[in-house]
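Worksheet: the structure to be examined is printed underneath.
Derivation of every value follows stated rules applied to the coordinates shown; laboratory data play no part. Quantities reported herein were computed from a predicted structural model and do not represent experimental measurements. No Cβ is skipped: glycine too gets one built from the backbone with ideal geometry, and neighbour counts run over all protein chains shown.
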Amino acid sequence: MPPALSVAALQKRYGRTIALHGVDLEVEPGELVGLLGPNGAGKSTLVKIACGLVRPSGGQARVCGAPAGSREARRALGYLAELFRFPGWARAEEVLELHQRLAGSDGGAAERSELLGLVDLLDARERRVEAMSKGMQQRLGIAQALVGGPRLLLLDEPTSALDPVGRRMVRELLERLRERGVAVLLNSHLLSEVELVCDRVAILAGGRVVAAGRPSELVHAGGIEVETAAGVRRFEQATREQVPELVAELVGAGERIYGVRVLTSSLEEAYLDAVGGRQEDAA
């Protein structure tokens, strides 16, 4: 089975401005990949190329084995833009019915009910968009992106308008989609959300992938913290493997140990290390 999304040596120029410098990226079936980067890093350009809305200047992008922008590729993906708008007078049911017609989906009422249930809007199917909260509209947008059963889902800031309960619901939804084999490319500035749900992360800066891997691979050890009767002591150069020896030495010296914690950096710190001063360069 080909990757849900395969990007190879992807380049894009807008006049003298180079938005993408030979980007390589793959998203496997059922994989959740977080796309991170400062404004102007090239994230939106990459997503638009995958959708077929922008043509690359070099390299290639394929969706489920088909060239990006082709009929086969469009049928295989669902997309939720960061700034989307549905007609205020339309009911939730009508929004999904319209997108079924646009996507050529024959799922009918059964598909609409399933999708509204997935995003906890089944009881609001007759509610007009203008009467919905921002969080409800965001969830309706996710349901719209799932019309037709796409194998690749491109989500641009899908939790930006949601409260903590709504964000948790979206995380659970993404996990269910992963179990179904749906791949997701998640563009988000909420690093904590990405760290919780994504299998891998790709960090873009200045049109290049500057770091990639599992969230656990991008963070680094930050020493050992030991809680003793005399207070908390921190050993910044110590590693996890040194914990037994370190505790034995402290006990041998008469210290009473109440707890040990292995310190690691966060994804946010890894992101800032990878991006560095590139945000100012991009601006």
Fill in: Dipole moment magnitude, nearest 20 debye, region 115-216 about Cα centre, only Lys, Arg, Asp, Glu C-beta charged
220
Worksheet item: Which net charge results for the neighbourhood of residue 218, defined as the other residues with beta-carbon distances under 11 angstrom from its beta-carbon, given Lys and Arg at +1 and Asp and Glu at -1?
Response: -3
Discussion item. Taking the alpha-carbon distance from residue 12 and a cut-off under 20 Å, which lysines remain once sequence neighbours fewer than 8 residues away in the same chain are dropped?
Written reply: 43, 48
Fill in: Mean Cβ neighbour count within 10 Å, used as a protection proxy, ranking 190-199, 127-136 highest first
190-199, 127-136
Practice prompt. Give the Debye-formula value of log10 I(q)/I(0) at each listed q (0.13 Å⁻¹), with one equal scatterer per alpha carbon of region 75-214, two decimals each.
Written response: -0.56
Worksheet, complete the sentence: The rounded separation in angstrom of the Cα centers of region 1-52 and region 171-185 is 20
Worksheet, complete the sentence: Connecting every pair of Cα atoms under 10 Å apart in the chain and solving the GNM, the largest mean-square fluctuation among 234, 256, 91 falls on 256
Worksheet item: With a 10 Å Cβ neighbour count serving as the proxy for reagent exposure, in which order, fewest first, do 45, 159, 17, 239 appear?
Response: 17, 239, 45, 159
